[in-house]
Amino acid sequence: MHYEGNIIRPPSEANSIILQVSVGCSHNKCKFCGAYKGVRFRIKDAATINEDISFAARYCKKQKRVFIGDGDALIIPTDRLADIFSSIMKSLPWVNRISLYGNAKSILRKNNEELGRLKKLGLDRVYMGLESGHTPTLKKIRKGVSAEQMIEAAGMIREAGLFLSVTVLLGIAGIADSEIHASESGRVLTAMNPNQIAALTLMLLENTPLYEDALSGSFQLPEQKMLLAELKTMVQCINLDRVQFQANHASNYLPISGRLQKDKNKILQLIEDGLSGRQYLKQESQRAL
């Protein structure tokens, strides 16, 4: 496989064939993300992509899923993606799911017909980073879209019949807007109506503008208990049935997994136990991205 730079993929794609069809992220302005800093976004040439598909055809016959990288593959023109998906399904007939990252801007550049076409060619799952449902926070972290645009993009994915997985980021609003970030994120997640919600906890990376803001004092990262309080408020404000909720990423202090609304009270009780000291919380050295 012709991998370049940092290959980022969701935890649930750990056993997937990782097919890197682009390098970097088309947006690459988020203040908290250091994954693609200094990398100019580009789409790989067809010959390289086809070589990697051929490699997978020979050596990846036990893997039934494909994850398309890099950071925002959905920005690629639909005709080009359709060619790639067609090659995957022809050369890897045992594959039953194609997934990728899609930010709101790239989703909104598509139309319903294009998304439906990609679904017919094997696209099954889109991973979308909300980070926060609080529009002023989204503006501060340079996400490039508003909360309402996030809701609109999510609606397009669901209307196309695709599985939608949405991530939120605890701590991203800092101390000052911690509470409103949590409540607005719960509200927006409800409006987005995803199949899966994943909550991660912010870890400041030295190569990011947000790290520099923290050094200067213009950004203050909430401490552990405030981050748990954010999680509690967020869960309280989510009103959805039959959605998988996970806060078991390595960055989190308290691993949580369950379904809403069925497990909502259990999840809230677990968070309360963490806040009161009855539940063990990870040490800083045990956290990772």
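What follows is calculated from the coordinates using simple rules that are stated; it is not laboratory data. This is a predicted model, so every value here is computed, not measured. As a convention, Cβ positions derive from the backbone with ideal geometry for all residues, glycine included, and neighbour counts pool all protein chains shown.
Quick notes on this one:
- Here the Gaussian network model covers the chain, with springs between Cα atoms less than 10 Å apart; of ALA199, ALA147, ALA14, ALA14 fluctuates the most.
- Mean separation of Cα contacts under 8 Å (6+ apart) over length of the stretch 11-286, as relative contact order %: 15
- Backbone N under 20 Å from the ASP79 label point (7 Å along Cα→Cβ), restricted to the stretch 32-48: 42-48
- Panel order for TYR253, TYR3, by other beta carbons found within 10 Å of each beta carbon, from fewest to most: TYR3, TYR253.
- Hz values of 3J(HN,Hα) by residue in the stretch 216-221 - Karplus curve (6.51, -1.76, 1.60), Gly and Pro given as x: 7, x, 7, 10, 10, 6
- Length gained on full extension, GLN63 to SER146: 26.2 nm, using 0.36 nm per residue less the C-alpha separation.
- Rounded Å value of the spacing that divides the Cα centres of the stretch 48-72 and the stretch 92-112: 15
- The distance between label points at LEU289 and ARG97 comes to 2.5 nm (points 7 Å beyond Cα on the Cα→Cβ vector).
- Per-peptide average of other Cβ atoms within 10 Å, ordering 57-64, 265-272 highest first: 265-272, 57-64
- One chain, two ends: ILE7 and GLU51. Fully extended at 0.36 nm per residue, the span grows by 14.0 nm beyond their Cα-Cα distance.
- Where only DSSP H runs of four or more residues are counted, the chain gives -12000 deg cm²/dmol as its mean residue ellipticity at 222 nm, each run worth -39500 (n - 2.57).
- For the chain, DSSP calls about 20 percent of its internal beta bridges antiparallel.
- C-alpha center-to-center spacing [the stretch 133-158, the stretch 222-289] in angstrom: 23
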